[in-house]
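Trainee: Structure below; questions to follow.
The values are calculated or read from the model by the stated rules, or taken from the named source; none is laboratory data. Since we're looking at a predicted model, the values are computed, not measured. For neighbour counting, all protein chains shown are included, and Cβ atoms are generated from backbone atoms with ideal geometry for every residue, glycine included. These area figures cover heavy atoms from the full protein model, side chains too; ligands, DNA and RNA do not enter into them. Shrake-Rupley method; radii C 1.70, N 1.55, O 1.52, S 1.80 Å.
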Amino acid sequence: MIRLKLNPLTESATLLWRVVVVLGSVGLTAIYSLMVLLRAMFGRLDRPIMDKYCREWSAGLLRLVRSSLTVRGEVPDFSNGRRYIVMCTHASHYDIPVSFVSLPGSIRMLAKKELFSIPLLGQAMRAGDFPSVDRSNRQRAVKDLARAKEMMESGIVLWAAPEGTRSPDGKLLPFKKGCFHLALDTEAVIVPVAIRGIHRLLPARTWQINLGQPVDVRVGEPLDMVGKSREDLKDIMQEVRSRMETLLGDGEAE
């Protein structure tokens, strides 16, 4: 078990501190995006540097909200040559920064294509090997899938949220099939992860920020997709859901 203590005090942020958090988050994102793009421009951006920037950016965001992290469970050896997809609960914008800080390896989220249109951030994500799979365009989807598989074979661990959107109360929403199809197509190992308490840090569709919120990251037993087929999809989705619910405890963060 790993504990990352940033601040033990939990309190509702004042309007002024909310403004500080928003502006600080935008500023950090812009600074690290520029650093990525400048290194890429001069051919000095490599994977270890990108991993370092992702974790520094994430730690900076979490310091702004003074979050306290605990990591439980056994994380697989992401350097053993297998393909991995971390499937994580999704109840906050902070799920991804928490995952970057908590998990080892070269974590890259499977991003919605809309994120790549955000100035600076989108270009930095492309430069930093953040994949996107657009299944609305078949030809594009085939290319995206081939690229994602190639990235995974080179050691990148994909992060995906099977719920597709943020849960307002920490309870699991219905799963979408996209990331499960990707796991089957790439014969990946699925690593279920549940983040308890994070829905209180910044509840979905609100601007209410709770400072010092304790967050508990729980890593579950992996599922290997080798030998699985499309016929197994429903059972795989149910098994991942069951494991995530077990990690969450009663279905919601405490």
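Trainee: Of the residues that sit in region 106-165 and are hydroxyl-bearing (Ser, Thr, Tyr) and within 20 Å of residue 32 (Cβ to Cβ), which one is modelled with the highest pLDDT?
Mentor: Taking the candidates together, the pick is 106.
Trainee: Here's a check for you: in region 104-133, which residue that is touching a strand residue (DSSP E or B) at 6+ places or on another chain (Cβ under 8 Å) and in contact (Cβ under 8 Å) with a residue 60 or more places away in the chain is farthest from residue 158 (Cα to Cα)?
Mentor: Among them, the one singled out is 128.
Trainee: Between residues in region 210-239 that are of a type in the set (Asp, Glu) and residues that are open to solvent by less than 70 Å² (accessible area, probe 1.4 Å), which pairs lie under 7 Å by C-beta distance while being six or more apart or on different chains?
Mentor: 216/70; 216/196; 216/197; 221/243; 224/189; 239/223
Trainee: Go through region 54-142 and tell me which strands (runs of 3 or more DSSP E), entirely inside it, have 2 or more residues that are closer than 29 Å to residue 41 by Cα.
Mentor: Working: elements: 68-72, 84-88, 106-109.
Counting at least 2 such residues, we get 106-109.
Trainee: Then there is this: Can you tell me which residue in region 197-254 is least open to solvent (accessible area, probe 1.4 Å), limited to those that are part of a loop (DSSP other than H, G, I, E, B), among the charged types (D, E, K, R) and at pLDDT below 90? So that I can check it myself, show each step before the final result.
Mentor: Taking region 197-254 and keeping what is part of a loop (DSSP other than H, G, I, E, B), we get 197, 201-209, 212-213, 220-222, 225-229, 249-254.
Remaining after also requiring among the charged types (D, E, K, R): 205, 221, 228, 250, 252, 254.
Narrowing the set further to residues that are at pLDDT below 90 leaves 205, 250, 252, 254.
Details: 205: 158, 250: 109, 252: 60, 254: 144 Å².
Per the stated criteria, the residue is 252.
Trainee: So which pairs qualify, if the first residue must be in region 134-153 and in contact (Cβ under 8 Å) with a residue 12 or more places away in the chain and of a type in the set (Asp, Glu), the second must be part of a loop (DSSP other than H, G, I, E, B) and open to solvent by 40 Å² or more (accessible area, probe 1.4 Å), the Cβ gap must be under 8 Å, and the two must be at least 6 apart or on different chains?
Mentor: 153/83
Trainee: Kindly evaluate residue 28 against the criterion of being more than 25 Å from residue 150 (Cα to Cα), in contact with a Leu (Cβ under 7 Å, 6 or more places away or on another chain) and buried (at least 16 other Cβ atoms within 10 Å of the Cβ).
Mentor: Here the answer is yes, as residue 28 does meet what is asked.
Trainee: Check 63, 108, 82 and return the single one that is of a type outside the set (S, T, N, Q), more than 18 Å from residue 216 (Cβ to Cβ) and open to solvent by less than 10 Å² (accessible area, probe 1.4 Å).
Mentor: None of the other options fit; the residue is 108.
Trainee: Could you tell me which residue of region 78-95 is modelled with the lowest pLDDT, considering only residues that are among the hydrophobic types (A, V, I, L, M, F, W, C) and closer than 19 Å to residue 183 by Cβ?
Mentor: Residue satisfying both the conditions and the ranking: 78.
Trainee: Hey, can you tell me all the residues within region 25-48 that are assigned to a helix (DSSP H, G or I) and either under 10 Å from residue 128 (Cβ atoms) or aromatic (Phe, Trp, Tyr) (or both)?
Mentor: 32, 33, 36, 37, 39, 40, 47
Trainee: Anything in region 174-195 that is surrounded by fewer than 24 Cβ atoms within 10 Å (Cβ to Cβ) and either part of a loop (DSSP other than H, G, I, E, B) or among the basic types (Lys, Arg) (or both)? List them, or say none.
Mentor: Residues satisfying the conditions are 174, 175, 176, 177, 187.
Trainee: While we're looking at this one, here's another question. Condition test on residue 171, is it farther than 15 Å from residue 240 by Cβ, at pLDDT below 90 and part of a helix (DSSP H, G or I)?
Mentor: No.
Trainee: Filter region 78-103 down to residues that are out of contact with any strand residue (DSSP E or B) (no Cβ under 9 Å at 6 or more places or on another chain) and touching a residue at least 12 places away in the same chain (Cβ under 8 Å) and give me whichever is nearest to residue 35 (Cα to Cα).
Mentor: Among those residues, the one meeting the criterion is 97.
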